[in-house]
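**Q** Here you go, one structure.
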Amino acid sequence: MFRGMISVCIPIFNYDMRETVERLSQQAVTSPVEVEIVCIDDCSDQYFRSLNRSIASMVKYVELPSNVGRARIRNLFLQYARYQYLLFLDCDSLIPDGFIEHYVALMDGNPEVVCGGRIYDSASNDLAHRLRYTYGIQCESKDANERRKHPYRSFMTNNFMVRRDVLEAVPFDESIPLYGHEDTLFGCNEV
């Protein structure tokens, strides 16, 4: 049986991470493998940096002096994370019970990349983001069987695990400095 170790990697931008880190920390304690949590703040507003500095006692917390964007920040985790597997989460992800345990179970096969899914909160009444929610439900929230039919079309960086050697060989394309499609390009690569 293969057992690696997991670095949970969370890029942060203008989001309060305290509850998410608490949930992940509780799961890390009961994990059968070593788990570290690494959070890198991509030059959030001072308000959020002030809130998130309190998590530094539970996780490795880094604040960047300037915003480097979605692709580069993911590549930076190679400098700060220690373990063989990097489990990437978006900062606004909701963490269900057994989340880390699910990924640990998948490590036995020594996979190169494991793509998690995305589920939207059906109870959301946030009218300001209604278009984003509708698009997400129709285009992004697919079950695993549906995503397997077109794996390169379905890759998203909000919830995936990658072996360190794979990310080192195929880093995110940093020529895309702003939001969008760094995940599309990464998903089309072959090792």
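The values are calculated or read from the model by the stated rules, or taken from the named source; none is laboratory data. Keep in mind it's a predicted model, so treat the numbers as computed, not measured. For accessibility, only protein heavy atoms count, side chains too; no ligands or nucleic acids. Shrake-Rupley method; radii C 1.70, N 1.55, O 1.52, S 1.80 Å.
**Q** Fully extended, how many nm does the chain gain between Asp92 and Gln79 (0.36 nm per residue separation, minus their Cα-Cα distance)?
**A** Residue separation times 0.36 nm, minus the Cα-Cα distance, leaves 2.4 nm.
**Q** To the nearest µm²/s, what D does Stokes-Einstein give for the range 3-83 at 25 °C and 0.890 mPa s, using the Kirkwood radius over alpha carbon pairs as Rh?
**A** The diffusion coefficient I find is 189 µm²/s.
**Q** In vacuo Debye scattering of the range 45-91, one point per C-alpha: log10 I(q)/I(0) at q = 0.27, 0.29, 0.30, 0.34 Å⁻¹?
**A** The calculated log intensity ratios at q = 0.27, 0.29, 0.30, 0.34 Å⁻¹ are -1.33, -1.37, -1.37, -1.32.
**Q** Residues of the range 18-64: accessible area per residue at 1.4 Å, in Å²?
**A** Per-residue value: 50 Å².
**Q** Here is a further query. If the chain between Val166 and Asp45 were fully stretched, how many nm would it gain, using 0.36 nm times the residue separation less the Cα-Cα distance?
**A** Values: separation 121, 0.36 × 121 = 43.56 nm, distance 3.25 nm.
Computed gain between Val166 and Asp45 is 40.3 nm.
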